[in-house]
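A.B. asks: Submitted below is the structure of interest, expressed as structure tokens.
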Amino acid sequence: MKTPCAQFFLSSLVFLLIHIQVQSQNPTYRLTVSSGGHVEFKVYSFRHYNNGINYLDLTHLEIVYTDTTTGPHVDEWYLGVKTQDDAFYSNYPGQTLDLSYVTVEASDGGGDFAFNSGEITSGEISLSSTNYALLVSQGDEGRYRLNLTYHLDSITGSAPGFYNTNLIFKMDTVAPPW
């Protein structure tokens, strides 16, 4: 049977080891979705059916990365996005919109440091619910802002409605695939 003193000592030792492990995890990075983590396309007019919809700079991400160690995969970071659902779901029951109708495009949002050439994936990226689409590759240490623009293709023949999904972002120092 353990005595209260021995239990206290053992608990303190475990806490100290966990605290040291948590404090020694480097590098440090933080990803904040400052706006637009939920995407909703309001398809309610003939113009939307024919021309599609563009939401310019709808999502804004704040990124902070500090590299305090050396070794493989710690001096750079990667950022990917995927959708929560396998389709855009409508507010009308039983209506969905395939993810292939929507693309996302990343752009530098300014900040203390501008992205270097080639870090941001160029062009429009298709969304998936199973795999992360790479937005930033081999980012450097610093503070960044990233803007995301969404393009909905023409959906002539689809039902009107508010189609939405949530986005899931992943930032890591290990290169994809994740």
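A.B. asks: Counting other C-beta atoms within 10 Å, and keeping those with at most 16, which DSSP coil chymotrypsin sites (Phe, Trp or Tyr not before Pro) do you find in the range 112-143?
C.D. replies: Values: sites: PHE113, PHE115, TYR132; in loops: PHE113, PHE115, TYR132.
Listed in order of number, the matching sites are PHE113.
A.B. asks: Hey, another quick one. Please compute the modelled spin-label separation between ALA159 and TRP178, points set 7 Å along Cα→Cβ, answer in nm with one decimal.
C.D. replies: Placing both labels 7 Å beyond Cα along the Cβ direction yields 3.3 nm.
A.B. asks: Using a cut-off of under 12 Å, list every residue of the range 144-178 whose amide N is near the label point 7 Å from the Cα of VAL33 along the Cα-to-beta-carbon line.
C.D. replies: Only 165-170 pass the distance filter.
Values in this text are rule-based calculations from the coordinates and carry no lab data. If you're wondering where the values come from, they're calculated on a predicted model, not measured in any experiment. Cβ coordinates were reconstructed from backbone atoms using ideal geometry, including for glycine residues, and neighbour counts include every protein chain displayed.
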